[in-house]
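Colleague: Here it is, the structure in full.
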């Protein structure tokens, strides 16, 4: 299957010729119309001069991993579990946090489901597959309540848009889906039972651990430290603007195809995912989550490595 690729060169606050052409270029692969796209668009309003962006729009997350591994892009957005797994095989990929917003368990407004125990005998739509991280962790949380969720629900796996349609058509009783799809359902009157952060807190992880982040080669970042650090700082400024200034949000609003009420909910959830703290405590918590996921997936998600690999997380210097 051929994947159509679109290139956009954003030369920020300078001409694309002359001095700007000498700036390091960061080639970043993102999914079109995703939240990263919002942030990159907002970057154009942040005065910085240490890099240029070349944005490559890709079909899905797997296409991004392929592009990164082949050298077609320098950076993608993915999760640190994949980074650790790749490092265990000799790759030097590393991770810098982008968001700690994750999925949610959603039911209809008048549903009799109010807790995990109420899922017994029900049809559960699950975005992704058997190795979806939220699904694995939700099972672990249910086991604390002596509930074998895997055996007690009828599972329906599928892509997030399909799962949303399934619950709208009453083909499933609950949906465990990605945060932006859960937000869209909430606007339509559905209610959230628990989100990814709540699942982790129920499992004893009280730190806010990022679910996704920027992934890139450590060797490449070491050669472009100033540009990489400048990009991350500009990203934080852009996110802050999107979350605090209505004018900034209105500028990127055309990228979002949803109605205004849905946009408001998406903005709320997006802003809740801001990384306030990222240090030793959060990274140690990530190690505990890794151990849980390794056991829950029987090594299928994490690979054989017993622990989160050293170097998985990039440190700004």
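Colleague: By how many degrees, between 0 and 90 and to the nearest 10, does the Cα long axis of helix 133-143 differ from the longest principal axis of the chain?
Modeller: Around 30 degrees separate the two axes.
Colleague: In whole percent, what relative contact order does region 104-202 give with Cα contacts below 8 Å and a gap of six or more residues? Let's see the in-between values first.
Modeller: Working: 164 pairs, mean separation 46.7, N = 99.
Across region 104-202, relative contact order equals 47 percent.
Colleague: Starting from the Cα gyration tensor of region 139-281, take the square roots of the eigenvalues, sort them a ≥ b ≥ c, and report rounded, prolate or oblate (rounded when a/c is under 1.5, otherwise prolate if a/b is larger than b/c, else oblate).
Modeller: Numbers: a/c = 2.18, a/b = 1.36, b/c = 1.61.
Oblate shape, in that a/c is at least 1.5 and b/c is the bigger or equal ratio.
Colleague: By the gyration tensor of its Cα atoms, with a ≥ b ≥ c the square roots of the eigenvalues, what is the shape of region 97-139: rounded for a/c under 1.5, prolate for a/b over b/c, or oblate? If you can, show how the numbers build up before the last one.
Modeller: Numbers: a/c = 2.39, a/b = 1.62, b/c = 1.47.
The shape class here is prolate.
Colleague: I've got another one for you. Using only Cα atoms, what Kirkwood radius does region 224-317 have, in angstroms? Could the numbers behind the result be given before it?
Modeller: On the way: mean 1/r = 0.0608 Å⁻¹.
This gives a value of 16.5 Å.
Colleague: Then there is this: Please state the relative contact order of the chain as a whole percent: Cα pairs under 8 Å, 6+ residues apart?
Modeller: Details: 530 pairs, mean separation 81.1, N = 317.
It comes to 26 percent, rounded to a whole number.
Colleague: Using only Cα positions of region 133-180, each an equal point scatterer, no hydration layer, compute I(q)/I(0) via Debye at q = 0.14, 0.26, 0.31 Å⁻¹ and quote the log10 values to two decimals.
Modeller: For the requested q values the scattering log ratios are -0.38, -1.02, -1.17.
Colleague: How far, in degrees from 0 to 90, does helix 61-70 lean away from the longest principal axis of the Cα atoms of the chain, to the nearest 10?
Modeller: 40 degrees
Colleague: Based only on Cα atoms, what mean projected area does the convex hull of region 104-202 have, in nm²? Numbers along the way, then the final one.
Modeller: On the way: hull surface 21.3 nm².
Over every viewing direction, the Cα hull of region 104-202 projects on average to 5.3 nm².
Colleague: Sticking with this one: What share of the DSSP beta bridges in the chain is antiparallel, in percent to the nearest 5?
Modeller: Of those bridges, close to 60 percent are antiparallel.
Colleague: Which value at 222 nm does the chain reach when only helices count, each DSSP H run of 4 or more adding -39,500 (n - 2.57), with the total divided by all residues and rounded to the nearest 500 deg cm²/dmol? Present the calculation step by step, with values, prior to reporting the outcome.
Modeller: On the way: 13 runs with 130 residues, N = 317.
For the chain, the value works out to -12000 deg cm²/dmol.
Colleague: Could you work out how much longer the chain between residue 295 and residue 69 gets when fully extended? Use 0.36 nm per residue separation minus the Cα distance between them, nm to one decimal. Write out the running numbers ahead of the final one.
Modeller: Numbers: separation 226, 0.36 × 226 = 81.36 nm, distance 2.71 nm.
Between residue 295 and residue 69, full extension yields 78.7 nm more.
Colleague: Between residue 110 and residue 243, what length in nm is gained on full extension when 0.36 nm per residue of separation is reduced by their alpha carbon distance?
Modeller: Roughly 44.7 nm would be gained on extension.
Colleague: Out of every Cα-Cα pair in region 188-257, what percent are more than 19 Å apart? Could the numbers behind the result be given before it?
Modeller: Values: 1545 of 2415 pairs.
In whole percent, the long-distance tail amounts to 64.
Colleague: Under the Kirkwood approximation for Rh and a Cα-based Rg, what ratio Rg/Rh is obtained for the chain?
Modeller: On the way: Rg = 20.0 Å, Rh = 20.6 Å.
Value, to two decimals: 0.97.
Colleague: Please determine, in degrees from 0 to 90 and to the nearest 10, the orientation of helix 225-244 with respect to the longest principal axis defined by the Cα atoms of the chain, where the helix direction is its Cα long axis.
Modeller: 60 degrees
Computed from the coordinates by the stated procedures, all read-outs in this text should not be read as laboratory data. These numbers come from a predicted model, not from an experiment.
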